[in-house]
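All remarks here apply to the structure that follows.
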Amino acid sequence: MKFLLVITLSLLSSVAFAEDFGLGVILGDPSGLSVKMKMDESHSLDGAFAYSGGKHHGMQFHADYLRDRARSWHTSGGGPINMYYGIGGRIISYDDTKKSVVALGPRGSLGLNYDFFNPNVEIFGELALVLEVAPSVDADIDFGVGARIRF
């Protein structure tokens, strides 16, 4: 639990250095609160505090360091559709046959986003592969779509 608190406080303290901050929701596996902090034109941090209903039913926190605009496709109606990828980690707490388990491991994500400028909203879709390394080795997939309001 202390580990989760340290990571959350670290991410929140970096808001002061972020050029752009987004807050919204992600729906899928997991579903919950989503945040994104743009560090510069091509890098950002994103994370979510959400409920996972997939392989493990429980609360999870994940955070990724992203390479934004790895590839862009221009649209006729407005801004481009941008591809991003990144690496980070996930910690999840769930009940497994009469005992509570806290699992953690690295996560690699790949996604697409589209920025609206009036209103200042971003929509996104994401797929992530998670390799749980503690307390046992296992693999999982996170996926979701969502929207964030940028401040």
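Structure data summary
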quantity	calculated
Filter result for Ser72 (over 23 Å from Gly32 (Cβ atoms), assigned to a strand (DSSP E or B) and among the polar types (S, T, N, Q))	yes
Checking Gln60 against (1) in contact with a Pro (Cβ under 7 Å, 6 or more places away or on another chain); (2) over 20 Å from Gly146 (Cβ atoms); (3) at pLDDT 85 or above, the condition it does not meet	(2)
Hits in region 18-61 (condition: surrounded by 17 or more Cβ atoms within 10 Å (Cβ to Cβ) and among the β-branched types (Val, Ile, Thr))	Ile26, Val35
Residue in region 62-75 that is more than 22 Å from Gly22 (Cβ to Cβ), in contact with a Ser or Thr (Cβ under 8 Å, 6 or more places away or on another chain) and surrounded by 13 or more Cβ atoms within 10 Å (Cβ to Cβ) present	no
Index of the failed condition, Thr97 passing every other in (1) of a type outside the set (D, E, K, R); (2) on the phi > 0 side of the Ramachandran plot; (3) in contact (Cβ under 8 Å) with a residue 24 or more places away in the chain	(3)
Failed item, numbered, when Arg107 is tested on (1) within 19 Å of Gly146 (Cα to Cα); (2) out of contact with any strand residue (DSSP E or B) (no Cβ under 9 Å at 6 or more places or on another chain); (3) among the charged types (D, E, K, R)	(2)
Long-range neighbours under 8 Å by Cβ, at least six apart or interchain, first residue at pLDDT 95 or above and hydroxyl-bearing (Ser, Thr, Tyr) within region 107-133, second surrounded by 14 or more Cβ atoms within 10 Å (Cβ to Cβ) and not in a strand (DSSP E or B)	none
Region 17-35 - residue that is of a type outside the set (Gly, Ala, Ser) and modelled with pLDDT of 95 or more and, of those, farthest from Arg107 (Cα to Cα)	Leu23
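The values are calculated or read from the model by the stated rules, or taken from the named source; none is laboratory data. A quick note: this is a predicted structure, and the numbers were derived from the prediction, not measured. Neighbour counts are summed over all protein chains in view; Cβ atoms, including those assigned to glycine, are modelled from backbone coordinates with ideal geometry.
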